[in-house]
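The structure appears below as structure tokens.
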Amino acid sequence: MLDRTVTDWQSQAQQLKIEGRAFINGRYVEALSGQTWPTSNPGDGRELADVAVCGIEDADLAVKGARAAFESGDWSRMAPMDRKMVLVRWAELIEKHADELALLETLDVGKPISDTTHVDVPATVRTIRWSGEAIDKVYDEIPPTPAGTLALIQRLPLGVVAAIVPWNFPLSTTAWKLAPSLATGNSVILKPASNTPLSALFIAGLASEAGLPDGVLQVLPGPGGSLGKHLALHMDIDGLTFTGSTPVGKMLMEYSGQSNLKRTFLELGGKSPNIVFADANLEKAAAMAAAAVFYNGGQTCTAGTRLIVEEKIQDSFLELVTENAKGWMPGNPLDPATAMGPMIDAGQCKTVADYVDIGRGEGAEIIFGGSQVMQDSGGYYHEPSIFSGVNNAMRIAQEEIFGPVMSVLSFKTAEEAIQIANDSIYGLAGAVWSNNINTAHKVAEAVRVGTMGINNYFGGDITVPFGGFKQSGNGRDKSIHAFHDYTELKTTWIELM
Ligand code: NAP
């Protein structure tokens, strides 16, 4: 796979069979209305496939099937060690189709092929395998009650869970939702983002092949504003797990309150601080400062978009960062040498360009990039861009741009760095760079975010929980902690005779 060329991938793309139908009750089906819409390739703007547009009647059918599957107990009461075997088989099937799946994700999302082959698909396999393998090793509890009594504290599946996911990491966010919710015995209905439904549809069929009973997993493409809202308001859905923007997350909380108080877990936006002290390994910090923003075109919830640098090294450090930014110029996502692909669509590319204008208008200075490029490709490409002279009150320091735009701020003391980092409605992730463990740890502890790196950015794996403080959400994806979001605690108190 490593030595494939852009031509190899292009010719494989010609052969790819794309499934655009919904997956309901164990089968690929058209939407009941027969309606479809096109999904296109952000790399060249061309249509890839027609995809079913599911509506309320499809959702109701899926919920009925999911409920029946749950009540049957075929999956929900299956021995955890048997559920494990199905999930592990599913992971193996995904691995077997890794090439095809990586290509599909690159075409649908615009992610560089080197990312989908090395990051997205392997992470998906790992997440499903790990959750499957973990589920028969999680014990319930017997608390220390008085003699003559025995109490059991069990974790039981919620029932029917709806999962709604975004377009920026379609495959891995899908795996983060499906693996723990299925492992704990729920029936799950997934609504992928309208822009990027293909990889979730692809892996749904593989789940069936692995032995997941019909109705336990359904994938319904369709519009968030109608289909997604209907799921979130549904009286027969017990849990809702969401990854996406903070404004939509707020609506989902309201829908839960307006309907049946379904358990609602949210993974939302971010404006993450990346703090660099003068005593850090500056070469490494600069390389990672660029990667922290430009990876995935900045369309990453945890992107380190606020680079907060100790004032005395600001100029020299920015030279290093700028040098690194040159390695992130966008290119054809099918070229294995490409580090950064296009924005997801024309609208997102315009949003990025608009924020560049906003930043200039606020008085910040573009010191690298700042323009849309490759317009003749038909795709939506924007240069990696760096603003200096930013203060934290500016919109480019407070609002999630979701594009390759870095805002550089400076600090004089650790206290000031912490204050700037925490001056945000978000609290998803961050990092601090220093060779003094006392400074680094003091700052890491004080910054109010769900994940903090010391001398790294994007550190972590499936063994650690992931999620946000403040308006970056609640609940946690990944690790054993994710199982908690998909289960209810049940107490049984026994009086012994
Ligand atoms: P989005 O607009 O909130 O959409 C996310 C999902 O919600 C999509 O499937 C969307 O459907 C659906 N949706 C939209 N309106 C809805 C409604 N009223 N009711 C129910 N569902 C609705 O977010 P996005 O633009 O796709 O993704 C980018 C955002 O996701 C960023 O804010 C990013 O930070 C966040 N994100 C967070 C994490 C994390 O783990 N914290 C990870 C990745 C991304 P349509 O596609 O049909 O609109």
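Restricting attention to region 449-497, the residues being part of a strand (DSSP E or B) and either open to solvent by less than 80 Å² (accessible area, probe 1.4 Å) or not aromatic (Phe, Trp, Tyr) (or both) number 17. Look at Ile418 and say whether it is within 16 Å of the ligand (Cβ to nearest atom), surrounded by 15 or more Cβ atoms within 10 Å (Cβ to Cβ) and over 29 Å from Asp354 (Cβ atoms). So Ile418 does not fit the description; no. Scanning region 256-273 for residues that are open to solvent by 20 Å² or more (accessible area, probe 1.4 Å) and either near the ligand (Cβ under 7 Å from one of its atoms) or small (Gly, Ala, Ser) (or both) turns up Gly257, Ser259. Of all residues assigned to region 200-211, at least one qualifies as being within 11 Å of the ligand (Cβ to nearest atom), open to solvent by less than 10 Å² (accessible area, probe 1.4 Å), modelled with pLDDT of 95 or more and among the hydrophobic types (A, V, I, L, M, F, W, C). Scan region 387-398 and give yes if some residue there is among the polar types (S, T, N, Q) and open to solvent by 50 Å² or more (accessible area, probe 1.4 Å), otherwise no. Within region 387-398, one or more residues are among the polar types (S, T, N, Q) and open to solvent by 50 Å² or more (accessible area, probe 1.4 Å). When region 296-337 is filtered for residues that are among the polar types (S, T, N, Q), more than 16 Å from the ligand (Cβ to nearest atom) and in contact with a strand residue (DSSP E or B) (Cβ under 6 Å, 6 or more places away or on another chain), the ones remaining, listed by number, are Gln314, Thr322.
Restricting attention to helices (runs of 4 or more DSSP H) lying wholly within region 270-387, give those where 1 or more residues are out of contact with any His (no Cβ under 7 Å at 6 or more places or on another chain) and among the polar types (S, T, N, Q). Reasoning before the result, please.
Values: elements: 282-294, 314-325, 346-362.
Fully inside region 270-387 and qualifying: 314-325, 346-362.
Just one of the numbered conditions (1) near the ligand (Cβ under 8 Å from one of its atoms); (2) open to solvent by less than 30 Å² (accessible area, probe 1.4 Å); (3) outside any loop (DSSP other than H, G, I, E, B); (4) out of contact with any helix residue (DSSP H, G or I) (no Cβ under 7 Å at 6 or more places or on another chain) is not true of Leu231: (4). So which residues in region 234-248 are within 20 Å of Ala175 (Cβ to Cβ), within 7 Å of the ligand (Cβ to nearest atom) and outside any loop (DSSP other than H, G, I, E, B), if there are any at all? Of everything in region 234-248, those that are within 20 Å of Ala175 (Cβ to Cβ), within 7 Å of the ligand (Cβ to nearest atom) and outside any loop (DSSP other than H, G, I, E, B) turn out to be Phe242, Thr243.
Taking every residue in region 160-187 that is closer than 21 Å to Leu261 by Cβ and pairing it with any residue that is aromatic (Phe, Trp, Tyr) and within 9 Å of the ligand (Cβ to nearest atom), at least 6 positions away or on another chain, the pairs with Cβ-Cβ distances below 6 Å are Ile164/Phe242. The set of residues in region 120-137 being acidic (Asp, Glu) and either buried (at least 24 other Cβ atoms within 10 Å of the Cβ) or touching a Ser or Thr at 6+ places or on another chain (Cβ under 7 Å) (or both) consists of Asp120 alone.
The values are calculated or read from the model by the stated rules, or taken from the named source; none is laboratory data. On a predicted model such as this, the values are computed, not experimentally measured, just so you know. A quick note on method: Cβ atoms are made from the backbone with ideal geometry, for glycine too, and the neighbour counts reach across all protein chains shown. What goes into the accessible areas is simple: the full protein's heavy atoms, side chains included, and nothing from ligands, DNA or RNA. Shrake-Rupley method; radii C 1.70, N 1.55, O 1.52, S 1.80 Å.
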